[in-house]
Amino acid sequence: MLLHEKLIPAFTFILATLLFSCNKGGNSDDVKPATKVENQIRESTVSGVKQEPPVYDPKAGGWAVEEWNEKITSSLKKLSTKIINDENWDVFAESISDNFESAFFSIPIVPELIADGKVEVFSKHGDPIEYSSFSSSLKNLISSVALLGNLERASFKVVDIKELDKKKIQSEVIVHFGGKSKGTCRELKGLMKMIWSIKKDSTNLVSVQGTFTASLSTIGKFVDVTESAFGNVVDFKNQFYRGQDYWTSRIEMLTGIDVGGWQGVSIADVNGDNLDDVYIAQPGGLPNRLYVRNSEGGFEDWSKSSFINFLDSSHGNLFVDLDNDGDQDLVSGVQEGLLIMENNGAGVFSKRVAQLLPSAVPYSITATDYDKDGDLDFHVCCYNRKAGIQHHLFARPVPYHDANNGGRNALFRNDGNWQFKNVTVLEGMEQNNQRFSYAASWEDYDNDGDMDLYIANDFGRNNLYRNDHGAVEGSRFKDVSEEVGVVDIGPGMSVTWGDYDNNGLPDLYVSNMFSSAGNRITSQERFHNSADQNTRNYYRRHARGNSLFTNLGNGFFEDHSISRGVNVGRWAWASRFEDMDGDGYQDIYVANGFITQSDSGDL
């Protein structure tokens, strides 16, 4: 039963109830006055009334470190504005101590230009340079990559604050400068250790040390072609340009819509013309959309004619050839479970299987022939339990840093003739199978000829299910994440495999969430001071960011996230290994961000 079939009796009941309630007791004069609680609820939900958000006061909890951070961040925001707009130093002068001691920078040696179509990173430093003024040190730093007067971005993230004595504190700040000059995109990234004097009414910079790396890119900018590609599609702007807030204020939550927008995009050639088409999952109440590429480079809306414009809330979809006939069939995750659709080869789909998942909501799907019988099987990540389906944001991970009360994932074996069997328990994947799973990826990491599965879990430990194909039934898969060194406790969002070091072995990159506030708070002695050190470390790891695990070739991995400089991907959702500049080495592309609002402090 699909969404519209379920809602008809529900709406009929609600309408009858409302009519009965309106007539009960005669006229409106008999209606009892609203209670205090009812009035409060009504006042808080009046349409069009702008509510003032609660003001965060860092002093209220007794966290001096956050009070200092507020002052430091305010100063650094002024500095960011100053150097981007090339303003006078008076903008930042009040933040510098009269007794400023020195600035000490290690600056990379960077050529003026690099070859076209390349990305190069420079970390070799000359001798550290000492400056007597902060302004001259920054000017020289920015000039070292030819960005003076050409800065487009300047950000400072305070990741740690330590009290040195009663009058001084030290902050560690991640710095990022970016811009373009001489036809080349240029970036500086580094870590500054800044010493500040603290007084009752002021915080002033006393000294600073910094070490930086630089990157230059001549591969050119990507061009946004959304308008030219979708401009002639009638409903594209109406549906996708409005944003999630617009729809959540107009569509009943019972349909499965929520404020998060956890919907994915799938790419496939649905009609066999060798052009990639786009299928976009949508929250409940809005139709999924299939856009088919035409010969002019634009797209046409085939949502209705393909029969896959589901109104049910849909998070993830996978196009894959399930019947070995050469075209791309569809596995779609909806609220109640899975819809498995057969493609007739021309982009028209018909339902073959409706597979219920009674305990959890499907979020993402990945396929492989894990049993090597010649057809494709698939695995489904189920984030949270069904009880929380209408209230995704209020799913409660317990404990927060190592939750084991999420949804139960499912492995389906393809037995041919559109028969799929849930073999999660049978094949050994029930082990550690109550995490908050977002995404998974298959890879033969141990080069034994069969596919293994890595799962990225929010709020805790990830899974690596090794496929021991010679094992007896019921123990084919074993969770070896802890054993081989890839458990990666954190807010796992996505996973990608690639051979970044070109040694023939698949390495692993996991998207998590980097949090400057999380790093800052978890490093304080008073943070969870009653907990054991392992628990404190888990919380700190939760804020560290993305993880890169290098395959050692002996079945084990080493964590090279920080040494390779790839942990700070901000609030990362998805990543991919890809050779962006054609030099034979795989780079990493990271998609990040969350809900964009008018207040940048929400991010």
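Any read-out appearing in this document is the output of simple, stated calculations on the displayed coordinates, not a laboratory observation. Model, not experiment: these values are computed from the prediction. Glycine also receives a Cβ, built like all others from the backbone with ideal geometry; neighbour counts cover every protein chain displayed.
Structure above, values below:
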| item | result |
| --- | --- |
| Pair residue 164, residue 267: separation of 7 Å Cα→Cβ label points (nm) | 5.0 |
| Net charge dipole size for the chain [Lys, Arg +1 and Asp, Glu -1 on Cβ; Debye, nearest 20] | 2740 |
| Positive-end extreme of charge dipole, the chain - chosen from 146, 104, 403 (charges on Cβ) | 104 |
| Helix axis angle, 134-143 relative to the chain longest principal axis, alpha carbon, degrees | 60 |
| Derived scalar couplings ³J(HN,Hα) [segment 578-586; Karplus, 6.51 cos²θ - 1.76 cosθ + 1.60; whole Hz; x for Gly, Pro] | 7, 7, 6, 10, x, 9, x, 10, 7 |
| Debye, to nearest 20: dipole size of segment 95-254, +1 on Lys, Arg Cβ, -1 on Asp, Glu Cβ | 180 |
| Residue among 254, 303, 338 farthest towards the positive dipole end of segment 237-356, charges placed on Cβ | 254 |
| Label corresponding to P(r) over Cα pairs in 10 Å bins from 0, in percent when calculated from the structure given, among (1) 3, 12, 17, 18, 17, 14, 10, 6, 3, 1, 0, 0; (2) 3, 16, 27, 29, 19, 6, 1, 0; (3) 3, 13, 21, 24, 20, 12, 5, 1, 0 | (3) |
| Equivalent ellipsoid semi-axes - Cα gyration tensor, segment 427-550, angstrom | 29, 17, 11 |
| 5 angstrom amide H check on residue 337, placed H, neighbours 5+ away | 357 |
| Local net charge near residue 214, Cβ-Cβ under 15 Å (Lys/Arg +1, Asp/Glu -1) | +4 |
| Residue 211 versus residue 226: modelled label distance in nm, points set 7 Å from Cα along the beta carbon direction | 4.0 |
| Compactness index (Cα Rg / 2.2 N^0.38 Å), segment 530-589 | 1.42 |
| Residue order, fewest to most beta carbons within 10 Å, for 580, 451 | 580, 451 |
| Inter-probe distance in nm under a simple model that places probes 7 Å from Cα toward Cβ, at residue 405 and residue 193 | 4.2 |
| Residue-by-residue Karplus 3J(HN,Hα) for segment 406-417, coefficients 6.51, -1.76, 1.60, Hz, glycine and proline x | x, x, 9, 6, 9, 10, 10, 8, 7, 9, x, 6 |
| Charge tally in the Cβ shell below 14 Å around residue 592, where Lys, Arg are +1 and Asp, Glu are -1, residue 592 excluded | +3 |
| Top positive-direction residue, dipole computed over the chain with Cβ charges, set 504, 136, 481 | 136 |
| Cut-off under 5 Å, modelled amide H: who pairs with residue 96 long-range | 205 |
| D_trans [Stokes-Einstein, Kirkwood Rh over alpha-carbon pairs] for segment 167-322, 20 °C, 1.002 mPa s, µm² s⁻¹ | 106 |
| Rg/Rg_globular for segment 485-603, with Rg_globular taken as 2.2 N^0.38 Å and Rg from C-alpha atoms | 1.18 |
| Only Lys, Arg (+1) and Asp, Glu (-1) charged, at Cβ; segment 280-436 dipole about Cα centre in debye | 840 |
| Over segment 454-603, relative contact order from alpha-carbon pairs under 8 Å, at least 6 apart, % | 21 |
| Calculated log₁₀ intensity ratio I(q)/I(0) where the Debye formula runs over C-alpha points of segment 129-225, q = 0.16, 0.21, 0.25 Å⁻¹ | -0.75, -1.08, -1.32 |
| Percent antiparallel among DSSP beta bridges (both partners in the chain, rounded to 5) | 95 |
| Crossing angle, helix 3-23 versus the chain [Cα axis fit, 0-90 degrees, rounded to tens] | 90 |
| Stokes-Einstein D in µm²/s, Kirkwood radius over Cα pairs - segment 64-217 at 10 °C with 1.306 mPa s viscosity | 99 |
| Calculated from backbone phi, Karplus (6.51, -1.76, 1.60) coupling profile of segment 168-179 in Hz, x at Gly/Pro | 9, 10, 10, 10, 9, 10, 7, 10, 9, 10, x, x |
| Area projected by the alpha carbon convex hull of segment 237-356, averaged over all directions, nm² | 7.4 |
| Footprinting exposure proxy for 185, 381 (fewest neighbouring C-beta atoms within 10 Å first) | 185, 381 |
| Over 28 Å (Cα to Cα) - which of 71/139; 124/168; 221/304; 304/421; 82/189; 77/237 fall in this group | 124/168; 221/304; 304/421; 77/237 |
| Length gained when the stretch residue 85-residue 295 is fully extended (0.36 nm per residue, less Cα-Cα span) | 71.1 nm |
| Net charge contributed by nearby residues that have their C-beta within less than 12 Å of residue 77 (K/R +1, D/E -1) | +3 |
